[in-house]
Amino acid sequence: MKAYINNIAYDFVQGETILEYVRRIENNKNAIPTMCQDDRLENFGSCRVCSVEVAREKDGPTKTMASCHTPISEGLYIYHNTERMQRLRKNIVELVLTDYPSDKIFPSSTKKATPFQETIAQIGIPNIRYPKGKTHFDIQPDRAHPYIKSDLSQCINCFRCVRACEEIQGEMILGMSGRGFATNIIKGFDETFNESACVSCGACVQTCPTEALTDKFETKTLIADKTVRTTCTYCGVGCQLDVSVIDGKIRGIQAPETAEVNQGHTCLKGRFAFQFYDHPDRLREPMIKKKGKFEVVTWDEAYDFIATKLIEIKNKYGPDSIGGISSSRATNEENYLMQKMIRVTVGTNNIDGCARVCHAPTAFGMQQSFGTGAATNSIEDLKQTDAIFLFGANPVKGHPVTGAKIKQAFMKGVTSIVVDPIKTSLAELADYHLQIRPGTNVAILNMIAHYIIKENLVNQHFIDSYTEKYSAFKIHVETLNMHELETLTGVSKKLVRKAAIAYAKANRAMEFHGLGVTEHFQGSKTVMLLSNLAMMTGNVGRNGVGLNPLRGQNNVQGAADMGVQPHQGAGYMDINKPEIQKYYAKKYGVSKMPEHEGLKIPQMLDAAIDGKLKALYIMGEDTIMTDPNTNHSIKAFEKLELIVVQELFMTATTEMADVVLPASSYFEKNGTFTNGERRVQRVNKVIEPIGNTKPDGQIIIDVMSRLGYKQPTGLTYDAGKVIEEIADVIPFMKGLTWERLGENGLQWPINEDGTDTKMLHINGQFKKGVGTFHHFDFEETPEIISHGKKYPFILTTGRELEHYNSGTMTRRTDNQTILPQDILEVHPRDAREKGIKDNTVVRIFSDRGSVQIPIKYSKNVKRGVLRTTFHQPEVFINIITGSVGDKETMTPEYKVVAVDFEQIPN
């Protein structure tokens with residue numbers, strides 16, 4: 001198929017627009033000027049700057065067409081730079097400039113040209129023959145928002161911001177009001193950004209071709225000394241960021257449009273919340289606690305103290321008296337080194353981290369079902385799915401870029417099912433919202449499976465060909481009493497039946513789940529039942545299907561991959577097997593490895609209270625604030641003889657430490673993070689380490705050296721060299737190298753030749769040979785059995801968009817201005833029955849303790865259910881959470897806490 005550019009024939013691709021075709025053939029994005037066009041948005045064709053002349057035959061009559069939305073076709077003749085088109089473009093720009101500040105036509109000497117200024121330069125500055133407009137000049141700039149600023153005197157009514165808000169973020173906050181010269185952008189109901197429901201993602205700022213919309217850092221017009229591509233440190237989406245640096249300081253962040261993960265989009269945390277990196281609170285020097293007070297010391301003094309104490313404790317009590325807690329915020333290489341240090345130099349498998357605290361049930365459950373405990377598909381598959389089954393996750397807040405993609409799919413009519421005790425924004429959009437009682441996940445999944453089987457909607461071919469133990473599962477769910485389960489879950493069985501049929505009838509259905517699945521007493525069982533749903537409907541091993549966990553922290557997947565868990569080493573190999581112990585010993589160059597499974601964090605804390613654990617080495621984890629039952633954790637820490645913490649800031653955990661080591665942030669080091677779709681991506685050093693800080697990897701290598709083990713890659717931390725060792729140790733990363741990662745990373749398994757894997761279990765080829773069905777009955781959590789009568793409300797915890805985990809970083813940015821406190825959501829009738837007014841500070845209490853927190857009336861929670869976040873240390877919600885956890889993995893049950901609340905007496 002051929003078309004013609006200036007009478008020369010070239011092949012075209014079906015579905016291309018004229019603009020895409022000319023750009024590709026001429027290898028020039030500026031081959032045709034544009035103004036309202038953005039590659040990330042649906043073509044709009046409002047400005048006509050991209051107009052070209054087209055004809056059906058050579059030298060035949062021409063028509064003027066907007067190239068951005070006109071499809072290319074066979075035999076079309078295109079003339080894109082004729083004198084007539086040049087005049088037309090100049091006239092269009094001339095009309096725009098009648099309502100545009102004359103001093104903004106040219107870029108200032110201290111700024112880069114805006115896209116509009118580039119377009120003017122490309123077209124040529126016209127003579128402005130028309131009278132000046134008046135309306136835009138009367139609009140006052142909006143400077144109220146902490147990050148986003150508007151000066152609509154520079155607005156050219158291109159609609160790009162309106163479309164970005166709708167098509168990328170799905171919020172539809174921005175709109176257009178008025179006619180003629182009175183046409184202008186409005187925010188919400190003609191509010192400021194601060195007053196509107198804006199989520200501060202910055203998509204409008206990035207697409208705006210003028211300075212009508214900017215951020216406080218003026219990122220898009222910065223003339224930076226350098227721009228460095230790196231991977232975001234916040235959630236498990238793994239967005240790529242372009243970080244601008246001037247005079248050694250970070251001045252702004254943009255989202256690169258060439259990034260496969262986020263395609264020019266990010267949330268307010270990734271784009272704006274970077275000020276923490278040089279905050280005055282940053283730890284800058286090593287410290288040792290002497291006579292109850294921290295004193296600044298040299299690195300050598302700190303290392304000598306740590307090594308002496310660890311060796312002393314190991315010799316006196318044995319290696320199992322020492323434990324390590326690693327970080328899902330740290331890089332793969334640093335997590336790998338941390339688990340290696342604990343296993344090789346200390347000689348114990350007492351190594352654990354957030355990867356187990358939040359998503360161990362995912363790994364365990366999927367390993368039992370499929371053989372691999374990671375996402376089966378890529379997020380890109382959302383474009384190909386027919387149905388989305390979202391269980392126990394609120395990605396628009398916890399994983400905003402993926403959440404925006406899911407929201408777009410919901411709005412475009414994909415069959416949508418949400419299982420969540422909270423009426424989230426996605427639940428409101430969904431075709432089916434199953435608003436369960438917290439803790440009844442197994443019951444609702446058994447109901448769904450029952451109706452799929454009853455309606456004969458199973459994929460029998462897939463079941464017979466690729467799975468085992470289906471018959472026992474089928475018999476189990478067929479005999480369950482739906483009336484009893486309806487009462488247990490609080491969800492109408494008719495609604496469950498409709499949702500089950502909708503899921504099973506979809507040709508391709510994707511499942512997504514989050515901490516609302518894993519942080520439960522039956523977390524692992526729930527993951528196995530989710531796996532059952534995928535297998536019984538054949539939704540495994542194809543595009544647009546699969547089981548896709550939404551990982552919480554930026555490197556939860558990577559930390560687990562690297563062996564930060566007491567029962568599996570790097571690459572998920574069972575450390576209880578002698579042959580695996582020999583494998584690691586040979587790879588690490590030591591005579592032997594520890595021979596028995598180590599302790600998980602709850603077991604370490606119990607062992608500390610019992611006097612069996614004497615030392616704890618923590619890298620980047622605020623255990624006191626983020627683990628449940630805070631008073632229990634404090635009691636355990638008080639019994640330890642040595643606590644070492646590597647951190648960015650003073651936290652509740654560092655306050656209890658004996659040694660505090662100042663670590664470098666992700667901006668200050670090289671390494672890799674692995675996102676929720678198994679994508680290993682580079683973290684590139686942007687600036688030099690702040691103060692006297694060191695990368696966590698360097699600190700671990702230094703401590704290992706003091707403990708008598710010389711890291712084969714050398715005494716200097718080099719992420720690329722550590723990657724070589726990781727690739728040698730972990731079979732599914734055999735082809736991983738720093739160079740091969742490029743700008744967009746690789747999804748494991750990575751073959752020896754460097755090719756990666758977008759999708760697992762193709763054609764039913766499960767890693768464990770066949771997919772295995774499991775069946776379970778619902779079990780009430782011990783939390784409710786033991787405390788439910790005395791404490792009749794169920795508290796469930798979650799995140800808000802503005803903050804990340806315990807808020808250590810985000811609270812030290814302007815995000816704290818946007819969301820300054822944790823709030824308890826309470827159904828209005830529950831509060832009124834206690835005589836408590838909206839926005840009142842209440843006391844919420846459990847069997848473990850009590851905290852004070854302001855309430856907010858909300859019908860997003862059912863009666864008897866309370867919801868809050870855990871971002872602010874002033875509240876310290878984990879004082880009241882309990883020690884119940886998932887049976888198989890001990891992941892804490894943050895989502896079901898038996899509590900009560902009351903008005904605080906005057």
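For Arg84, the shell of other residues with beta-carbons less than 14 Å away shows a net charge of +3, using +1 for Lys and Arg and -1 for Asp and Glu. Taking a point 7 angstrom from the Cα of Glu257 along the C-beta vector, which residues in region 106-131 have backbone N less than 13 Å away? In region 106-131, the label zone of Glu257 (backbone N under 13 Å from the point 7 Å along Cα→Cβ) covers 115-116, 119.
Taking each DSSP H run with n ≥ 4 as -39500 (n - 2.57) and averaging over every residue of the chain yields -8000 deg cm²/dmol at 222 nm. Once backbone amide H atoms are built at 1.01 Å from N, Gly324 has Ile351, Asp352, Tyr617 as its partners under 5 Å, excluding neighbours fewer than 5 places away on the same chain. Partners of Lys592 within straight-line reach, counting aspartates and glutamates whose Cα lies under 14 Å from its Cα and excluding those fewer than 8 residues away in the same chain: Glu579.
Search the structure for amide H atoms under 5 Å from the amide H of Gly252, placed 1.01 Å from N in the peptide plane, and list their residues when 5 or more places away or on another chain. Close amide H contacts, sequence-distant or interchain: Ser244. The listed peptides 283-293, 407-417, ordered by packing as a protection proxy, come out as 407-417, 283-293 (highest mean of other Cβ atoms within 10 Å first). Principal-axis analysis of the Cα atoms of the chain puts helix 493-505 at an angle of about 60° to the longest axis. As a calculated quantity, the FRET efficiency between Ser705 and Glu191 at R0 = 56 Å, using C-beta atoms, amounts to about 0.45. Listed values for region 258-275 are Karplus-derived 3J(HN,Hα) couplings in whole Hz (6.51 cos²θ - 1.76 cosθ + 1.60, θ = phi - 60°), namely 8, 6, 5, 6, 10, 6, x, 10, 7, 9, 5, 5, x, 7, 10, 8, 10, 5, and x replaces Gly and Pro. Give, as ranges by residue number, the residues of region 540-575 whose backbone N falls under 13 Å from the point 7 Å along Cα→Cβ of Gln384. In region 540-575, the label zone of Gln384 (backbone N under 13 Å from the point 7 Å along Cα→Cβ) covers 540-546.
Net charge in the neighbourhood of Glu739 (other residues with Cβ under 13 Å of its Cβ; Lys, Arg +1, Asp, Glu -1) is +1. Between Asn576 and Thr308, the FRET efficiency estimated from the beta carbon spacing at R0 = 41 angstrom works out to 0.80. Please compute the contact order of region 1-90 in relative form: average sequence separation of alpha-carbon pairs under 8 Å and at least six residues apart, divided by the residue count, as a percent. The normalised contact order for region 1-90 reaches 36 percent.
The relative contact order of the chain, computed from alpha carbon pairs under 8 Å that lie at least 6 residues apart in sequence, is 13 percent.
Net charge of the neighbourhood of Phe512, taken over other residues with C-beta under 13 Å away and scored Lys/Arg +1, Asp/Glu -1, is -1.
What the Cβ-Cβ distance of Met172 and Ile475 gives, at R0 = 51 Å and to the nearest 0.05, is a FRET efficiency of 0.60. The listed peptides 741-751, 2-12, 894-904, ordered by packing as a protection proxy, come out as 894-904, 741-751, 2-12 (highest mean of other Cβ atoms within 10 Å first). Here each label is just a point 7 Å from Cα along the line to Cβ, and for Val296 and Asp59 those points are 8.3 nm apart. Phi angles across region 474-479 convert, under the Karplus curve 6.51 cos²θ - 1.76 cosθ + 1.60 with θ = phi - 60°, into 3J(HN,Hα) values of 4, 4, 5, 6, 5, 8 Hz, Gly and Pro given as x.
Here the Karplus curve 6.51 cos²θ - 1.76 cosθ + 1.60, taken at θ = phi - 60°, turns the phi angles of region 547-561 into couplings of 10, 10, x, 9, 5, x, 7, 4, 10, 4, 4, x, 4, 5, 4 Hz, with x standing for Gly and Pro. Long-range amide H contacts for Leu174: which residues qualify at under 5 Å (H placed 1.01 Å from N, peptide plane, sequence gap of 5 or more or a different chain)? Amide H neighbours of Leu174: Gly188. Our estimate of slack between Ser850 and Ser109, defined as 0.36 nm per intervening residue step minus the Cα-Cα distance, is 260.9 nm. DSSP beta bridges confined to region 782-903 are antiparallel in about 65 percent of cases.
Note on the chain: with charges restricted to the Cβ of Lys and Arg (+1) and Asp and Glu (-1), its dipole about the Cα centre is near 840 debye. Peptides 701-714, 446-459 ranked from most to least packed give 446-459, 701-714, packing being the mean of other C-beta atoms within 10 angstrom over each peptide's residues. Of the GluC sites (Glu not before Pro) found in region 231-323, not one falls in a DSSP loop while having at most 10 other beta-carbon atoms within 10 Å. The antiparallel fraction among DSSP beta bridges confined to the chain stands at about 60%.
No value in this document is a laboratory result; all are computed from the given coordinates. Keep in mind the model is a prediction, meaning the values are calculated, not measured. Because the Cβ atoms are built from the backbone with ideal geometry, glycine has one as well, and the counts that use them run over all protein chains shown.
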